[in-house]
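Right, one structure below, let's go through it.
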Amino acid sequence: MYGSSSGKGTQESGMARTRDERIDHAVLTAVSELLEEYGYGALTMEAIAARAGTSKPAIRRRWKSQKHLVVDALAHDRVGVVSIDTGCTVCDVVGHLEALRRGLTEPRFGRLLPALVADIADDPELHARFLSVVWEPRREACLRSLRKAEERGDLRPGLDADLVLDLFAAPVVFRTLFGHRPLAPDFVEEIAHAVLRGVGTGVDHRCAEA
């Protein structure tokens, strides 16, 4: 009898613990709220644990560091990621750039971006994860719009998609990082028209109401 009971106990103790997704969600939500309220520099594990209603050891079992946690919180929020298909290339591009502009003006994303990028620069693995789960979804969403624009004949065939995406996003990111000029809503329209004049097929494609 004892042998049977002991074996069962050993089997149960060897089973992997099921990760509680409610804690994951509470922690990620807490990080987003604290980033918006206090900023990246003031973020602490103690504050995150208190806001999420859990403990620091529980958080550390799930994330290697606070930086990993912030990256996952940004990926969870998907700030500035939109899906657009209006049938109008200019409208779609402006929509993506406006979503990026608004995202970069939000405290939980735009204000922490320069400091976070600097923090993860010496961690190739985390930097690659940041690009994969935070930055790439924005590029992929815009890339889908560019592919449809090419299918409609609005863009020259054979364009380097990565280069075109960088041409669209770089001015918005540049003004966010340096703050040398306002990041106004009409700025994204200027970018869209300027780039499309260079990579388009010679027609300024607009929606019917424009």
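FYI, it's all coordinate maths here, none of it is from the lab. It should be emphasised that the depicted structure is a prediction, and the values quoted were computed from it without experimental measurement. Ideal geometry is used to build each Cβ from the backbone, glycine not excepted, and the neighbour counts take in all protein chains shown.
Sort T201, T44 so the one with the fewest other Cβ atoms within 10 Å of its own Cβ comes first.
If I rank by nearby Cβ atoms, fewest first, I get T44, T201.
What is the fewest-to-most order of H96, H25 by other Cβ atoms lying within 10 Å of their Cβ?
Working: H96 28, H25 12.
Ordered from fewest to most neighbouring Cβ atoms within 10 Å, H96, H25 come out as H25, H96.
May I ask you to give the average projected area over all directions of the convex hull of the Cα atoms of region 31-118, in nm² rounded to one decimal?
Approximately 6.5 nm², given one-decimal rounding.
Taking all pairs of different Cα atoms in the chain, averaging 1/r and flipping that mean, what Kirkwood radius in angstroms comes out?
19.7 Å
What aspartates and glutamates sit close enough to K56 to cross-link, taking a C-alpha to C-alpha distance under 14 Å and skipping anything fewer than 8 places away on the same chain?
K56 reaches D24, E46.
Under the definition of Cα pairs under 8 Å and six or more residues apart, what whole-number percent is the relative contact order of region 18-66? All intermediate terms of the calculation are to be shown ahead of the outcome.
Details: 26 pairs, mean separation 18.5, N = 49.
Answer for region 18-66 is 38 percent.
Based on the mean of other beta carbon atoms within 10 Å per residue, what is the order of 51-57, 136-142, 98-104, most packed first?
98-104, 136-142, 51-57
In whole Hz, what ³J(HN,Hα) sequence does region 150-155 give by Karplus (6.51, -1.76, 1.60; θ = phi - 60°), x for Gly and Pro?
Running phi through 6.51 cos²θ - 1.76 cosθ + 1.60 with θ = phi - 60° gives 5, 5, 6, x, 7, 10 Hz.
Just rank E151, E190, fewest to most, by other beta-carbon atoms within 10 angstrom. Don't skip to the answer; put the middle values down first.
Details: E151 10, E190 13.
Sorted ascending by nearby Cβ count, the order is E151, E190.
If you take the square roots of the eigenvalues of the alpha-carbon gyration tensor of region 128-198 and sort them as a ≥ b ≥ c, do you get rounded (a/c under 1.5), prolate (a/b over b/c) or oblate?
Oblate.
Charges only on Cβ, +1 for Lys and Arg, -1 for Asp and Glu: so what's the dipole of the chain about the Cα centre, in debye to the nearest 20?
That gives a dipole near 680 debye.
Given T29, T86, P185, which one lies farthest toward the positive end of the charge dipole of the chain, if we put +1 on the Cβ of every Lys and Arg and -1 on the Cβ of every Asp and Glu?
Value: T29.
Taking the Cα centre as origin and putting +1 on Lys and Arg beta-carbons and -1 on Asp and Glu beta-carbons, what dipole magnitude results for region 18-66, to the nearest 20 debye?
That gives a dipole near 360 debye.
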